[in-house]
Every structure is written in C-alpha cells, then in structure tokens.
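Scroll down for the structure; my scribbles are underneath it.
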Amino acid sequence: MLEEVCAAQGVALGQIVRDSLAYFQRCRLPDGSIAEDPGTLIFQEWDSVNALKATALWRDAVSFDDAGLVEGVLAFLRAREKPSGMLSWGVKETGPAEYCTETSSEYIASLTLLGHLDDARRKAAFLRSRQLPSGPWEEVHSHIPRAFQAEPSVTGFALMALLGLDIEPLYLDEALDFLAKAQKDGGHFGINWYYYNSHYYLIRPAVAALASYGYHAVAGAARDFVLARQRHDGSWHSEVEGFGDFSSPEQHTALALRTLADAGMTTGDPAVRRGVTWLLGRRRPDGSWFGGRYPFPDTSAYREFDAAQDVFTTSQVLSALKQLADPEA
C-alpha cells in the first residue's frame, strides 16, 4: 500500500530511501558524524544516532552502498561514549557520569538493528539499572532543567530500547503505570519547548511503548488526539505559545504518522495516506526534509541551541515510512 502512495507521487519508495541515505552521506564530517551544519554541533551525537538508526532500518530492504557510513558513525559514537557506554546529545560539556537517556536508548536500538547484540546488551544492562523504582527513567544531564528530566518520552525511549533486546525492565508495571498516568485528558502527553516544542515528540515514544505492552485504550486515545489535529492539507504542527514557528510541519507530521502507526493505523487509513502524500510532496531535491530550527527561549543561555533539524527530521520520515511499509517489523 505504501508503494502505491509513493507511485502516485511519481517516485518509487526505494528511490526515496536511497536519496535520503545519500543525503546522510553528504552530511558526513571527517570524524564520521552526521551533521547538517558543521558550525553548529550542539546535537552532533543525537543527529548521528538518528541517522544511524534510520539507515539500519532500511539497509537490508533497499540496495544501497553506504560507502562506510555505518562504520564511520559507529566509530564516532564509540569515541564519544561515557564510561557507562551512554551518550550525551552533542558537544555541550558534561561530566563523565552525565548522559542523555533518549540518545543512549536510540543508540542501543541502533546497535540492536545492526546486529551488535553484545554491545547493545551491555549498554542496555546499564540503562535498565537506572530506572527509578517509581517507574520512569530520567535524563541524567545537568543542562536539562530538573523539571523536564522525566518527560514521558524519556521512559518511552528506554522501554523500547530494552524491548528490542527482550530485556524486561526492573519495574515494568510501574513504568507502564507512569506512562498511562502521564496521559492528559485530551489524549496527548503534554508539550515542552525543550522536547521539540511538539505534542508529537512526547506522544510518539510513549504510545510505542504502551501499545507494545497492550495498553490499547491509552494508545487509542492518543490516536484520536492526533487524528483530530490533522490539518486540511494532511500535515500536523503544534507549538508552545511564545516560542514562534521553530520546528517544521514536516518534522511534526513524521512524528504524528509514527504515532498513528504505533497505534495500529496503516496507509489504508485515509488520514495516514493524506499525511504520507503531503510528506512526499515536501521532499527536497537532495533527499532530505526541512526540519526548521530547534526551539529555544530568547535568552543568551540558549542561543547555541539554534541548530538546523533537517537530519533529525529526515531520519523520522524514514522511520515513519519503514513502519508503514512493514508494520509487523
């Protein structure tokens, strides 16, 4: 069905993927990392991990010579690991015990997809040990405001990283209960400028985890929230008042489509088909999707966070297309 949607736009799914992977190749830096702008590396590890995961998802499904892309990114990330094996998100200085739980979880998921299972399990064992007895995981990073360190997405990412290795968390019931209780009356999981200024960033990993463990009513409420906010042209976008138009509709639409896929929807559903059609129409000639800029408050302390989000957004589009092309994967 996804192939039909792509064909209706005059392009084959395989070519879309190859063009995007070629875009990642062009964004490679000499150290092996993936960065849209070599002058702004605040999210160097995060972008590299997301590009790596998207590449891992597709590399056995399409014919593509990565010309050392995967090994280069892996070498970069290994060089950036903390003693625990975890990663920060980029160049902002952190202590040896500090890390980003979301980046580290996606790193573990990428290693799993690539077949580096022993390495993934070692890192997953540490991640598992960091769960709080009350259920959630937190960001262990001094640059993230304390009030923002336990957003639902953090626990969603961690649960999915462990699930990919069939590792049960220390406190599974507590984690799922934490996520279920974090859902708002409207079906979403909040919105936070520090987490991409988007409902869809927080909702996507939470729904992925809850749906994977059979919380279908919660996932259904989230699905209804997303469907109710689809725009007339097929896209999605949300923002925190006062932060302006930072991250792009392309980014939010990819995350919204991933949420719908996690909730069991396919390209056979008209809303999903419209969203995919809109996204395909926004593909740029270089194989990427526009991601906007990372949202930040207008203060000097956060100016350096003004970074392009094209690599992250393109990664999310590729992940959404993979979910919709192979919903059982």
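The values are calculated or read from the model by the stated rules, or taken from the named source; none is laboratory data. Computed from a prediction, not measured in an experiment: that's the story for all the values here. So basically every Cβ, Gly included, is an ideal-geometry build from the backbone, and we count neighbours across all protein chains shown.
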(message) Of the residues Leu159, Leu170, Leu176, Leu165, only one is of a type outside the set (Phe, Trp, Tyr) and under 28 Å from Lys92 (Cα atoms); which?
(response) Leu159
(message) I'm told Asp65 meets every condition in (1) more than 30 Å from Gly268 (Cβ to Cβ); (2) surrounded by 14 or more Cβ atoms within 10 Å (Cβ to Cβ); (3) of a type in the set (D, E, K, R) except one. Can you identify the failing condition by its number?
(response) (2)
(request) Enumerate the pairs (first residue in segment 17-37 and at positive phi; second residue anywhere and of a type in the set (Gly, Ala, Ser) and surrounded by fewer than 23 Cβ atoms within 10 Å (Cβ to Cβ)) with beta-carbon separation below 6 Å, excluding pairs fewer than 6 apart on the same chain, so at least 6 apart or on different chains. (result) Gly32/Gly72; Gly32/Ala75
(request) Could you look through segment 26-43, keep only residues that are of a type outside the set (D, E, K, R) and modelled with pLDDT of 95 or more, and pick out the one that is surrounded by the most Cβ atoms within 10 Å (Cβ to Cβ)? (result) Ile34
(message) If I ask for residues that are within 15 Å of Ser319 (Cβ to Cβ) and either buried (at least 24 other Cβ atoms within 10 Å of the Cβ) or modelled with pLDDT under 95 (or both), which ones from segment 204-217 would you list?
(response) Arg204, Pro205, Val207
(request) Would you mind telling me which numbered condition in (1) touching a helix residue (DSSP H, G or I) at 6+ places or on another chain (Cβ under 6 Å); (2) surrounded by 21 or more Cβ atoms within 10 Å (Cβ to Cβ); (3) at pLDDT 95 or above; (4) not aliphatic (A, V, I, L, M) Pro295 fails? (result) (3)
(request) State the number of residues belonging to segment 153-199 that are in contact with a His (Cβ under 9 Å, 6 or more places away or on another chain) and of a type in the set (A, V, I, L, M). (result) 1
(message) Which numbered condition in (1) touching a strand residue (DSSP E or B) at 6+ places or on another chain (Cβ under 6 Å); (2) under 13 Å from Ser33 (Cβ atoms); (3) not small (Gly, Ala, Ser) is the only one that Met86 fails?
(response) (2)
(message) Restricting to segment 176-198, give me the number of residues that are touching a Phe, Trp or Tyr at 6+ places or on another chain (Cβ under 8 Å) and more than 17 Å from Arg223 (Cβ to Cβ).
(response) 7
(message) Tell me whether segment 228-244 contains one or more residues that are under 24 Å from Arg274 (Cα atoms) and outside any loop (DSSP other than H, G, I, E, B).
(response) yes
(request) Name the residue, out of Ala271, Ala261, that is over 30 Å from Pro145 (Cα atoms), in contact with a Pro (Cβ under 8 Å, 6 or more places away or on another chain) and either modelled with pLDDT of 95 or more or part of a loop (DSSP other than H, G, I, E, B) (or both). (result) Ala261
(request) Output the residue which, of all residues in segment 11-31 that are in contact with a Ser or Thr (Cβ under 8 Å, 6 or more places away or on another chain) and either small (Gly, Ala, Ser) or in a loop (DSSP other than H, G, I, E, B) (or both), is farthest from Phe312 (Cα to Cα). (result) Gly14
(message) Looking for something touching a Lys or Arg at 6+ places or on another chain (Cβ under 7 Å), in a loop (DSSP other than H, G, I, E, B) and within 20 Å of Lys322 (Cα to Cα) - is there at least one such residue anywhere in segment 83-90?
(response) no
(request) Output the qualifying pairs, or none if there are none: Cβ atoms under 8 angstrom, residues six or more apart or on different chains, first residue in segment 305-329 and over 21 Å from Cys6 (Cβ atoms) and surrounded by 24 or more Cβ atoms within 10 Å (Cβ to Cβ), second residue of a type in the set (D, E, K, R) and modelled with pLDDT of 95 or more. (result) Val311/Asp47; Phe312/Asp47
(request) Consider only pairs whose beta carbons are under 8 Å apart and that are at least six residues apart or on different chains; among these, list those whose first residue lies in segment 75-92 and is free of Cβ contacts under 8 Å to residues at least 24 places away in the same chain and whose second residue is among the aliphatic types (A, V, I, L, M). (result) Glu81/Leu87; Lys82/Ala97; Pro83/Ala97
(request) Have a look at Ala8, Ala79, Ala54 and point out the one that is closer than 20 Å to Gly287 by Cβ and at pLDDT 95 or above. (result) Ala54
(message) Which numbered condition in (1) of a type in the set (Asp, Glu); (2) under 19 Å from Thr313 (Cβ atoms); (3) surrounded by fewer than 14 Cβ atoms within 10 Å (Cβ to Cβ) is the only one that Glu4 fails?
(response) (2)
(message) If I filter segment 274-292 down to residues being assigned to a loop (DSSP other than H, G, I, E, B) and not basic (Lys, Arg), which single residue comes out as surrounded by the fewest Cβ atoms within 10 Å (Cβ to Cβ)?
(response) Pro285
